[in-house]
Amino acid sequence: MKVHVLELREAENYIPNRLLQAKKPYREASQRLKFFKKLTKEQRGHFDMKLGFGKSGEVPENQKSLFDGLPDKVVSGLKQGFGADVIKLFQDVAAHRITEADFDRDLGSDAATELRSILTLLRQIV
């Protein structure tokens, strides 16, 4: 059996910023993205892209040390996340001309390498 565990925890955490800009409604996504860009790569990898910081608008207890020092304004701005359907943005990769450079810039070169290895694994399975 072949398995791959995502380094960034969930597939949504691999969405580059240019795709997040394309999320509707645009104004809300743009505001959220402004705050999202304040996260470090490690924080970004643990952030719940769908639900954000939840109804309470507070960093979960088990992530307090990771998000320590993040301004309250940023936490509040990311309270709602990008929505349950955020993963659908990957359907628009070609339309928005997303390239490996987008992944490298927003997620680091390790992410593009990881995504390539997942594609290789899928080819082996299929």
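The values are calculated or read from the model by the stated rules, or taken from the named source; none is laboratory data. Treat the numbers as computed from the prediction; the structure is a model and nothing was measured. Reconstructed Cβ throughout: ideal geometry from the backbone, glycine too, with neighbour counts over all protein chains shown. Ligands, DNA and RNA are excluded from the accessible area calculation, which covers all protein heavy atoms including side chains. Shrake-Rupley method; radii C 1.70, N 1.55, O 1.52, S 1.80 Å.
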Over region 55-78, the set of residues touching a residue at least 12 places away in the same chain (Cβ under 8 Å) and open to solvent by less than 80 Å² (accessible area, probe 1.4 Å) is Gly57, Val59, Gln63, Leu66, Phe67, Leu70, Pro71, Val74, Val75, Ser76, Gly77, Leu78
Does Thr113 qualify as being hydroxyl-bearing (Ser, Thr, Tyr), under 20 Å from Ala11 (Cα atoms) and open to solvent by 70 Å² or more (accessible area, probe 1.4 Å)? yes
Pick from region 15-47 the residues that are open to solvent by 50 Å² or more (accessible area, probe 1.4 Å) and assigned to a loop (DSSP other than H, G, I, E, B): which of them is farthest from Gln80 (Cα to Cα)? Thr40
Determine if region 6-13 includes at least one residue that is among the basic types (Lys, Arg) and in contact with a helix residue (DSSP H, G or I) (Cβ under 7 Å, 6 or more places away or on another chain). yes
Give just the number: which of (1) closer than 14 Å to Ala11 by Cβ; (2) open to solvent by less than 70 Å² (accessible area, probe 1.4 Å); (3) in contact with a Lys or Arg (Cβ under 6 Å, 6 or more places away or on another chain); (4) of a type outside the set (D, E, K, R) does Ala84 not satisfy? (2)
Does Gln124 meet the test of being open to solvent by less than 70 Å² (accessible area, probe 1.4 Å) and in a helix (DSSP H, G or I)? no
Yes or no: Gly52 more than 27 Å from Leu119 (Cβ to Cβ), open to solvent by less than 80 Å² (accessible area, probe 1.4 Å) and at pLDDT 95 or above? yes
Every residue from region 82-99 that is part of a loop (DSSP other than H, G, I, E, B) and touching a residue at least 40 places away in the same chain (Cβ under 8 Å): Phe82, Gly83, Val93, His96, Ile98
Among the residues of region 10-55, which ones are among the charged types (D, E, K, R) and closer than 19 Å to Gln91 by Cα? Glu10, Glu12, Arg18, Lys23, Lys24, Lys50
